[in-house]
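Asker: Sharing a structure, written as structure tokens. Questions coming.
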Amino acid sequence: MNFVALKMLTGDRAKYLGLIFAIAFCTFLLENQTSIFAGVLKRTGSQILDVTDAAIWVMDAKTEYFEQTKALKDTDLARVRGVDGVEWAVKLFKGAPVARTRAGKFAACILLGLDDATLTGTPRKMLLGSWQRLREPDSIVVDNAGYILLFPDQPLQLERELEMNDHKVRIVGISDASAPFLSNPVVHTRYSQAINFVGRERTQLSYVLVRPQPGVGAEEVCRRIEAQTSLRARTTDQFRWDCIRYYLKNTGIPVNFGITITIALIVGTVVAGQTFYLFTVENLKQFGALKAIGVTNWRLTGMVLLQAFTAGLMGFGLGTGMAAGFFEITLRKIATRGLILTCQSVALTGGCILLVVIIASLLSIRRVVVLEPAAVFRG
């Protein structure tokens, strides 16, 4: 009977292929959009994850996400260092100066000023040059995407000059920093230079980076810092999720992606369900003949389920392959770097396709179960 069911499924090639491609297209859209959605949200905390030296970020009590900074007092650094359980604490500056090339090309940058003594937070993935050269005067490290934006169609080259706030700076390294949420160059330099590139204000300190002492949990140190200083302290992972929650709550990103995902699911369900239902209706004579020779409703139900799950599995596999191919092609593009097909997206989409298959099966099973063989042959 299983062989008969599969022969019935593939008998009409046009409807068979239409059913598979409807499920494949639904799968592709769902996996594509959910993976891009996850990748875009991950970018909101990419500069946080790039700082691998520290485990805790200390900031103003009202700070909600990475881009929102309110300068701390220089004395706050000493207060944090005095908290029990803190091994060391260093300062970090974040600004957004405009970088200009000699050719006139310019772009607003994400400027990170690192502690002069330790250079905590320097990018560890370097494509060219060395982050140790940041100790040289007027030196910066720029990320690869930012370099291409500022020097389009030109090879990677050190010692190129930029202008920031009437200061000439030299590129001493090109990093492979994680893609930021906005397509701005990511620039690293020393703290003392960064505040000059942006312009001095009364207070400059954006964040304090902290490492807890061995044997003391990061979350426990965060609680101690908040209790003693009234500042906000978050672990790296907590701060990254703060950024994600902020963008989910205060931007239109989830709505826009949610609309596309919902449409893909509805279209996939309607098209696949209708195609499979029409396929079942056109094969009612065959089902009627099987009933006439004594095949039970349970056996016919199993045949319909086999047909539906076979088509669903093939469509899901084809759609997943299409999605994997898409991300493989775009992975090395500057604008889409870091966007990958996630296993969570594949699992979620698999659950949705299973739902589509079940709905399509139920519509067809009902028609087969109530079928009267005599009525079919009279028609």
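The values are calculated or read from the model by the stated rules, or taken from the named source; none is laboratory data. Small disclaimer: the values here were computed from a predicted structure and weren't measured. Note that each Cβ is placed from the backbone with ideal geometry, even for glycine, and that neighbours are counted across all protein chains shown. Ligands, DNA and RNA are stripped out before the accessible areas are found, and what is left, the full protein with its side chains, is counted by its heavy atoms. Shrake-Rupley method; radii C 1.70, N 1.55, O 1.52, S 1.80 Å.
Asker: How many residues are without any contact (Cβ under 8 Å) to a residue 12 or more places away in the chain and in a helix (DSSP H, G or I) if we restrict to segment 246-255?
Answerer: Count: 3.
Conditions (1) at pLDDT 90 or above; (2) among the β-branched types (V, I, T), marked per residue:
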{"residue": "P123", "(1), (2)": "no, no"}
{"residue": "L128", "(1), (2)": "yes, no"}
{"residue": "L134", "(1), (2)": "yes, no"}
{"residue": "S139", "(1), (2)": "yes, no"}
{"residue": "V142", "(1), (2)": "yes, yes"}
{"residue": "I148", "(1), (2)": "yes, yes"}
{"residue": "F151", "(1), (2)": "yes, no"}
{"residue": "L158", "(1), (2)": "yes, no"}
{"residue": "E161", "(1), (2)": "yes, no"}
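Asker: If you don't mind, another one. If you scan segment 267-283, which residues turn out to be under 16 Å from G319 (Cβ atoms) and open to solvent by 40 Å² or more (accessible area, probe 1.4 Å)?
Answerer: Answer for segment 267-283, where residues must be under 16 Å from G319 (Cβ atoms) and open to solvent by 40 Å² or more (accessible area, probe 1.4 Å): V267, V271.
Asker: With the requirement that a residue be open to solvent by 20 Å² or more (accessible area, probe 1.4 Å), closer than 16 Å to K333 by Cβ and in contact (Cβ under 8 Å) with a residue 40 or more places away in the chain, what does segment 145-161 give you?
Answerer: I148, L149, P152
Asker: Just for segment 197-206: of the residues that are in contact with a strand residue (DSSP E or B) (Cβ under 8 Å, 6 or more places away or on another chain) and not aromatic (F, W, Y), which one is most open to solvent (accessible area, probe 1.4 Å)?
Answerer: Ranking the qualifying residues of segment 197-206, first place goes to V198.
Asker: Does L290 meet the test of being farther than 30 Å from E64 by Cα and at pLDDT 70 or above?
Answerer: no
Asker: While we're here: Would you pick out the residues in segment 24-61 that are outside any loop (DSSP other than H, G, I, E, B) and of a type outside the set (A, V, I, L, M, F, W, C)?
Answerer: If the condition is that a residue be outside any loop (DSSP other than H, G, I, E, B) and of a type outside the set (A, V, I, L, M, F, W, C), then T27, E31, N32, Q33, T34, S35, G39, K42, R43, S46, Q47, D50 are the ones that fit.
Asker: Looking for whichever is in contact with a strand residue (DSSP E or B) (Cβ under 9 Å, 6 or more places away or on another chain) and among the basic types (K, R) here; the options are R337, R232. Which one fits?
Answerer: Among R337, R232, only R232 is in contact with a strand residue (DSSP E or B) (Cβ under 9 Å, 6 or more places away or on another chain) and among the basic types (K, R).
Asker: Has segment 316-336 got any residue that is in a loop (DSSP other than H, G, I, E, B), surrounded by fewer than 15 Cβ atoms within 10 Å (Cβ to Cβ) and touching a Lys or Arg at 6+ places or on another chain (Cβ under 9 Å)?
Answerer: Yes: segment 316-336 contains one or more residues that are in a loop (DSSP other than H, G, I, E, B), surrounded by fewer than 15 Cβ atoms within 10 Å (Cβ to Cβ) and touching a Lys or Arg at 6+ places or on another chain (Cβ under 9 Å).
Asker: Pairs only if they're at least six apart or on different chains, beta carbon under 7 angstrom, first in segment 339-355 and in contact (Cβ under 8 Å) with a residue 40 or more places away in the chain, second loosely packed, with under 14 Cβ neighbours inside 10 Å; list them, first residue then second.
Answerer: Qualifying pairs under 7 Å: I340/L331.
Asker: Could you pull out every one of the strands (runs of 3 or more DSSP E) wholly within segment 63-131 that has 3 or more residues that are within 17 Å of Q193 (Cβ to Cβ)?
Answerer: Correct list: 86-95, 98-100, 110-114.
Asker: For residues that are in a helix (DSSP H, G or I), within 25 Å of the chain's Cα centre (by Cα) and touching a residue at least 40 places away in the same chain (Cβ under 8 Å), tally how many sit in segment 198-237.
Answerer: Residues flagged as in a helix (DSSP H, G or I), within 25 Å of the chain's Cα centre (by Cα) and touching a residue at least 40 places away in the same chain (Cβ under 8 Å) within segment 198-237 amount to 1.
This table checks each residue for (1) at positive phi; (2) open to solvent by 60 Å² or more (accessible area, probe 1.4 Å); (3) in contact with a Leu (Cβ under 9 Å, 6 or more places away or on another chain).
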residue	(1), (2), (3)
I195	no, no, no
V208	no, no, yes
R211	no, yes, no
V221	no, no, no
R224	no, yes, no
T236	no, no, yes
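Asker: Related question: Please go through segment 337-352 and pick out each residue that is assigned to a loop (DSSP other than H, G, I, E, B), at negative phi and open to solvent by less than 70 Å² (accessible area, probe 1.4 Å).
Answerer: Passing the criteria: R337, L339, L341, T342.
Asker: Same structure again: Would you please name the residue that is modelled with the highest pLDDT, looking only at residues in segment 68-99 that are of a type in the set (V, I, T), within 28 Å of F181 (Cα to Cα) and out of contact with any helix residue (DSSP H, G or I) (no Cβ under 9 Å at 6 or more places or on another chain)?
Answerer: Among those residues, the one meeting the criterion is V98.
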